[in-house]
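The values are calculated or read from the model by the stated rules, or taken from the named source; none is laboratory data. None of the values given here were measured: they were computed from a predicted structure. Methodologically, a virtual Cβ is constructed for each residue, glycine included, from the backbone with ideal geometry; neighbour enumeration extends over all protein chains shown. Remember, those area values only see protein heavy atoms, side chains included, never the ligands or the DNA or RNA. Shrake-Rupley method; radii C 1.70, N 1.55, O 1.52, S 1.80 Å.
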Amino acid sequence: MNRVRQLSAAGLLGIVMVFELAAFALLSLRDETFDFMALEFGVGLIAVLLIQYVIMQWISRYTDRFILVIANLLAAIGMIVQYRLSPDIAVKQLVWFCIGMVCMVLCSLLMRAKNFFRTMNIPLMVLSIGILAVLLIVGEENGGAKNWIIIGGVSFQPSEFVKVALVFVMANHFTVVNRTGDWLPSAVFAIIVAVLLVMERDLGAALLICGTYLIVFYVATGKIGTTLIGLGAGAIGAVTSYHLFDHVKARVAIWLNPWATYSTSGYQVAQGLMAIASGGVMGLGLTKGMPKSIPAYNTDYIFAVICEEFGIVFGIAVIALYLVFIIRGALIALNARTRYLMLVAFGCTVLITLQSFIIIGGVIKLIPLTGITLPFVSYGGSSMIATMMLLGILEGVAIQNGEMLEDAIDGASEEYAQ
């Protein structure tokens, strides 16, 4: 059997583990008394990452090792910062990461089941719209958005999982685009989801859904005119939201001049900017900053915390990790053996790309701040599980790419031998 050779990422994984262990060793010495729990947590996290790596290699030798290790490094950075901020929160995040790891493995396996997600297209659409509609009635409000549901004392954000459903809906309807009717159902789905999210005041998720759909739509169809109409409709929706919702007006005003309302609504943005500035190029050092002076320090503003304690150079390195992740995701899409798999991989990549840009852009005041998380890094169970699912879907496509290529090579070799 002819096999496609894969580069090893074991060395990179080793570097991740050494970085982690050093960080948690430092955290164990931050107080007057030795914090043995920090070392236990660090060793436990290393064990989880190692088990995950072995499982994915056992599933298939065609697992994209680099995208897996990069995601793990981002998650490890998040865990280090979370533990520095609150050990209890870090333990919860590790539990969510483990649950997300299971979901990632399941998604990668389900991607190997031919047409499974294509047959689930309508159920995914109905379930997504249904759960968002129910949120309008029973949803819990948090940060001005009514986008949470509590089950058994545990809070979930359904919009995170609707993003995953969007990937499959888009891929299913964009696989064949000979006429408008082929892709129109997906457009209707995206519009309904966006409207429901706006009604729940979850404008960050609505922006992410619309942006992802338009990018994938243009790549899949090449229809410039229709894409521009979609952009225009989105712009009209944004202006309408500005006039309808007071908190949108406030966020735009804060974006323009956070210092004018420093003692009230502009405090978060201003504190975030000062934290980044105080960190300078090399940072104040782990445990040396004052991250808890920033509201939402372990969710929306965790990038500012990273820059304060590790420095702007490290912040740029985090952005570079996302760029490498994006490139690997794009390569998986380009190497896909079918159009459907290509669109699935591209949709996952665009979602993570756009989400990273929106939150980092908001933190550094490039664009108005929206309440979404930094993938793999911010605290949040729903976000972590959904992002790990997207990673698993990408790995599922990568595995199929390798297996299909191997079959093609075997077929060509047999034909040549005859």
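Rounded to the nearest 500, what is the 222 nm mean residue ellipticity of the chain from helices alone, with -39500 (n - 2.57) per DSSP H run of 4+ residues and division by all residues?
Result for the chain: -25000 deg cm²/dmol, rounded to the nearest 500.
Report, to one decimal in Å, the Kirkwood hydrodynamic radius for the stretch 176-323 based on all distinct Cα pairs. Walk me through the numbers before you get to the answer.
Numbers: mean 1/r = 0.0556 Å⁻¹.
18.0 Å is the Kirkwood radius here.
Within the P(r) computed for the stretch 140-251, what percentage of the Cα pairs occupies the region above 21 Å?
Beyond 21 Å sits 41 percent of the P(r) for the stretch 140-251.
Rounded to whole Å and ordered largest first, report the semi-axes of the equivalent ellipsoid of the stretch 124-198 derived from its Cα gyration tensor (root of 5λ). Don't skip to the answer; put the middle values down first.
Details: eigenvalues 157, 27, 15 Å².
That gives 28, 12, 9 Å for the three semi-axes.
Quick check on the stretch 310-361: what does the Kirkwood estimate of hydrodynamic radius come out to from the alpha carbon pairs, in Å?
On the way: mean 1/r = 0.0850 Å⁻¹.
Across the stretch 310-361, the inverse of the average 1/r is 11.8 Å.
Which pairs break 21 Å Cα to Cα here: Lys163/Lys223; Lys288/Lys365; Lys92/Lys163; Lys92/Lys292?
As for pairs spanning more than 21 Å Cα to Cα, those are Lys163/Lys223; Lys288/Lys365; Lys92/Lys163.
Given a Förster distance of 45 Å, report the FRET efficiency between Glu141 and Arg61 from their Cβ-Cβ distance, rounded to the nearest 0.05.
For Glu141 and Arg61, the calculated efficiency is 0.40.
Computing the accessible area with a 1.4 Å probe over protein heavy atoms, can you report the carbon and sulfur percentage for the chain?
69 percent
Ranked from highest to lowest mean number of other Cβ atoms within 10 Å per residue, what is the order of the peptides 232-243, 42-53? Walk me through the numbers before you get to the answer.
Numbers: 232-243: 13.3, 42-53: 17.7.
Taking the mean over residues of other Cβ atoms within 10 Å, the ranking is 42-53, 232-243.
Find the Rg to Rh ratio for the stretch 341-397, where Rh is the Kirkwood radius over alpha-carbon pairs and Rg uses the same atoms.
My calculation puts Rg/Rh at 1.02.
Which order do the peptides 358-366, 274-282, 130-138 take when ranked by the mean count of other beta-carbon atoms within 10 Å per residue, highest first?
Highest-to-lowest ranking by the protection proxy: 358-366, 274-282, 130-138.
Treating the chain as a set of equal point scatterers at the Cα positions, no solvent, please give the Debye-formula log₁₀ I(q)/I(0) at q = 0.06, 0.08, 0.09, 0.12 Å⁻¹.
For the chain, the Cα-only Debye profile gives -0.25, -0.45, -0.57, -1.02.
Relative to the compact-globule scaling 2.2 N^0.38 Å, provide the ratio for the alpha-carbon radius of gyration of the stretch 289-389.
1.17
Below 8 Å, C-alpha to C-alpha, sequence gap of six or more: please give me the relative contact order for the chain in percent.
Here the relative contact order equals 23 percent.
Could you give the accessible area per residue of the stretch 1-94, probe 1.4 Å, as a whole number in Å²? Write down the numbers at each step before the final one.
Details: 4360 Å² over 94 residues.
Per residue, the stretch 1-94 has 46 Å² of solvent-accessible surface.
Using a cut-off of 13 Å between beta-carbons, work out the net charge of the residues near Thr63 (Lys and Arg +1, Asp and Glu -1, Thr63 not included).
Counting the neighbours of Thr63, the net charge comes to +1.
What order, most packed first, do the peptides 112-118, 60-66, 244-250, 71-77 have when packing is the mean number of other Cβ atoms within 10 Å of each residue?
71-77, 60-66, 244-250, 112-118
Which residues does a label at Leu26 reach in the stretch 349-379, if reach means a backbone N under 20 Å from a point 7 Å past the Cα toward the Cβ?
Only 377-379 pass the distance filter.
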